1. Kindly indicate whether L122 is assigned by TED's automatic domain parsing to the domain that holds T80, surrounded by fewer than 14 Cβ atoms within 10 Å (Cβ to Cβ), farther than 26 Å from R56 by Cα and among the hydrophobic types (A, V, I, L, M, F, W, C).
2. Checking T89 against (1) β-branched (V, I, T); (2) touching a Ser or Thr at 6+ places or on another chain (Cβ under 9 Å); (3) under 16 Å from F60 (Cβ atoms), which test does it fail?
3. Identify the residue in segment 90-118 that is within 20 Å of L142 (Cα to Cα), of a type outside the set (A, V, I, L, M, F, W, C) and at pLDDT 80 or above and, among all such residues, is surrounded by the fewest Cβ atoms within 10 Å (Cβ to Cβ).
Amino acid sequence: MPRRGLNPSAPRILTNRTPTGVQKRKHVPTSRSIERRGRGIRGNVLPTGVPAWQSRSDAFDRMAILAFGDIDAAWHKELTKLDIAVDDTPKIRARNPQSITWPPEVVADGPVPLSRLVPAGLTQAGEPTRARIVLFRRPLELRAQRPRELILLLHDVMVEQVATYLGVDPETIDPTLRG
């Protein structure tokens with residue numbers, strides 16, 4: 001049934017009468033809200049509970065926790081005051097851009113930092129802060145082709161950072177460290 005003089009893209013609202021005589025408004029889906037140019041239903045493709053629904057940052061966080069699990073299991077007592085944080089991109093620069101030298105608390109791949117160990121300290125208000133390892137998500141993701149490679153890379157980076165935090169060699173933390 002053609003609707004003359006009305007906006008064709010506006011949703012149609014129909015009025016229904018209930019047995020009590022009270023009018024109830026019902027939204028009827030239009031072709032615009034259901035289907036666009038004959039390409040199928042618009043909306044969520046996957047249910048919210050499946051792993052593919054997660055964002056890249058959620059998946060990265062899950063992989064970082066997996067990679068840190070073995071280290072934490074072996075060194076839990078020493079790591080109770082260490083936090084793990086994730087930042088999308090590094091906001092630090094090399095000390096000397098010509099020779100690309102990084103301080104020992106930064107793990108880098110050439111000119112690109114992959115993570116940084118931030119030591120415990122005080123805030124501007126004088127409150128104590130905990131030490132934390134900051135993982136830079138995008139540079140790490142770009143260096144791994146598959147999720148398994150990313151987990152291994154995260155593990156190696158965290159082994160180096162935990163070793164720096166504890167003041168020991170990385171081989172002490174994980175004797176199977178891939179160099």
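1. Values: assigned by TED's automatic domain parsing to the domain that holds T80: yes; surrounded by fewer than 14 Cβ atoms within 10 Å (Cβ to Cβ): yes; farther than 26 Å from R56 by Cα: yes; among the hydrophobic types (A, V, I, L, M, F, W, C): yes.
Criteria met by L122.
2. Here T89 meets the rest and fails (2).
3. G110
Yes/no matrix, rows are residues, columns are (1) at pLDDT 65 or above; (2) surrounded by 11 or more Cβ atoms within 10 Å (Cβ to Cβ); (3) closer than 30 Å to D174 by Cα:
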site: P11; (1), (2), (3): no, yes, no
site: R17; (1), (2), (3): no, no, no
site: T48; (1), (2), (3): yes, no, no
site: A59; (1), (2), (3): yes, yes, yes
site: D70; (1), (2), (3): yes, yes, yes
site: A74; (1), (2), (3): yes, yes, yes
site: D88; (1), (2), (3): yes, yes, yes
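The values are calculated or read from the model by the stated rules, or taken from the named source; none is laboratory data. Keep in mind that this is a model prediction, so the values were computed, not measured. No Cβ is skipped: glycine too gets one built from the backbone with ideal geometry, and neighbour counts run over all protein chains shown.
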